[in-house]
Amino acid sequence: MQEQLDEFRRDFPMVNRISAKKPNKVVSLIVFVARRLPPGLLVGSVKPGDGRSVAGLIGRRMLAILRSKDVNIPHGPAAGIRFNAGGSAPSFSLGTSEPEVQDVLTRLLKPGDVFYDVGANVGFYTVLASKLVGAHGRVYAFEPVPDNVRAIERNIELSRAANVTVIRCAVTNGSGVLDMTLSAEPFWARLSTLPPPPHPVGRIQVVGVSIDELLAAESIMPPDVIKVDVEGSEEHVLAGMRKALATHRPAIVCELHDTWADVQPLLAAANYRTRFLWRCVRGKQQKSRHVLALPPPTTLLLQP
């Protein structure tokens, strides 16, 4: 490992001088290096150049290339999938984003399942789930931000994910038009009723829908697994799927944004059991912001 890192340090100045007219060589080099490093060293590369992981070693300019180029994901359950991060986190292109979530989804999803990707961003979990549920399964990607929707559609094309439906709406607790604050970073857009995201760049209006309404209209198939990442609107998303939780009993993986006090009563009222996920970062176990919620008697994955 040390030899690989030393080799990259020697090559790094040369890579910076490669002409911008030949981006494919740069991308190939970055993926070549990433593929030969253990995924654990790449965890944390969401923030390029933060100096606390290999992301810091590779540098902001290097990882920035992976934010907008078509690559074959080198690591994790999504390895081999053709993907473009669409300006979002380079860890999507590396396959190292939120390994604890990837692990749980890989264990939950089976061929033929129906998966809801609520707050799909640029579609990393969408295309991963597409692979896991197979041709007889179904994936619904819910995403209201137009640029992100275009990125999802691009990734559906790249990965040939024929079992995905994109729903260009914000999932909440009812129908209506909502204001959303955009961020310079695609993964931080959020409803304008919440505190503004880092690097806000304006507002747009989006259509809001609830899962229960869509199911009642038979617009979507009932879910087996739901992933929620909505930058603080978790309570409203879950409130809008009360009937679905009671009737279909899907497994839920939900990212929290200081919202556990609001989310926990909703899950408890639906008789779900919960545990926080843990992740290994640079050899140390850290509590994740994600909670896994399962209905009884499904308890196996609730064991840490």
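The values are calculated or read from the model by the stated rules, or taken from the named source; none is laboratory data. From a predicted model like this one, the values you see are computed outputs, not experimental measurements. FYI the Cβ positions are ideal-geometry reconstructions off the backbone, even for glycines, and counts take in every protein chain you see.
Taking region 134-165 as the range and being in contact with a strand residue (DSSP E or B) (Cβ under 6 Å, 6 or more places away or on another chain) and closer than 16 Å to I226 by Cβ as the test, the residues that pass are R138, V139, Y140, A141, F142, V164, T165.
Return the total of residues in region 170-191 being in contact with a strand residue (DSSP E or B) (Cβ under 8 Å, 6 or more places away or on another chain) and within 12 Å of V230 (Cα to Cα). Even if it seems obvious, please write down each step before you answer.
First, pick out the residues of region 170-191 that are in contact with a strand residue (DSSP E or B) (Cβ under 8 Å, 6 or more places away or on another chain): 170-172, 174-184, 189-191.
Next, only the ones that are within 12 Å of V230 (Cα to Cα) stay: 170-172, 180, 189-191.
Qualifying residue count for the region: 7.
Tell me whether region 101-120 contains one or more residues that are in the same structural domain as R190 (by TED's automatic domain parsing), over 16 Å from I226 (Cβ atoms) and in contact with a Pro (Cβ under 6 Å, 6 or more places away or on another chain). Checked region 101-120: no residue is in the same structural domain as R190 (by TED's automatic domain parsing), over 16 Å from I226 (Cβ atoms) and in contact with a Pro (Cβ under 6 Å, 6 or more places away or on another chain). Annotation: of all residues in region 114-140 being of a type in the set (A, V, I, L, M) and in a strand (DSSP E or B), the one that is surrounded by the fewest Cβ atoms within 10 Å (Cβ to Cβ) is V114. Checked against the criteria, A269 does not count as farther than 14 Å from F142 by Cβ, within 20 Å of the chain's Cα centre (by Cα) and among the aliphatic types (A, V, I, L, M).
Residues of region 166-201 being touching a Phe, Trp or Tyr at 6+ places or on another chain (Cβ under 7 Å) and surrounded by 13 or more Cβ atoms within 10 Å (Cβ to Cβ), which ones? Selection gives I167, C169, V171, P197.
Conditions tested, residue by residue: (1) closer than 30 Å to H248 by Cα; (2) small (G, A, S).
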| residue | (1), (2) |
| --- | --- |
| N84 | no, no |
| T96 | no, no |
| E100 | yes, no |
| V118 | yes, no |
| G123 | yes, yes |
| V127 | yes, no |
| K131 | yes, no |
| V139 | yes, no |
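Enumerate the strands (runs of 3 or more DSSP E) found wholly within region 141-213, keeping only those where 3 or more residues are touching a Lys or Arg at 6+ places or on another chain (Cβ under 9 Å) and of a type in the set (S, T, N, Q). So the answer is none; nothing clears 3.
Looking only at residues in region 84-113 that are hydrophobic (A, V, I, L, M, F, W, C) and closer than 19 Å to P295 by Cα, the one that is surrounded by the most Cβ atoms within 10 Å (Cβ to Cβ) is L109. Set side by side, the residues V145, V225 differ, and just one is among the hydrophobic types (A, V, I, L, M, F, W, C), under 24 Å from A293 (Cα atoms), touching a residue at least 12 places away in the same chain (Cβ under 8 Å) and buried (at least 16 other Cβ atoms within 10 Å of the Cβ), which is V225. If I go through region 84-111 residue by residue, how many of them are in a loop (DSSP other than H, G, I, E, B) and acidic (D, E)? Residues meeting the conditions: 1.
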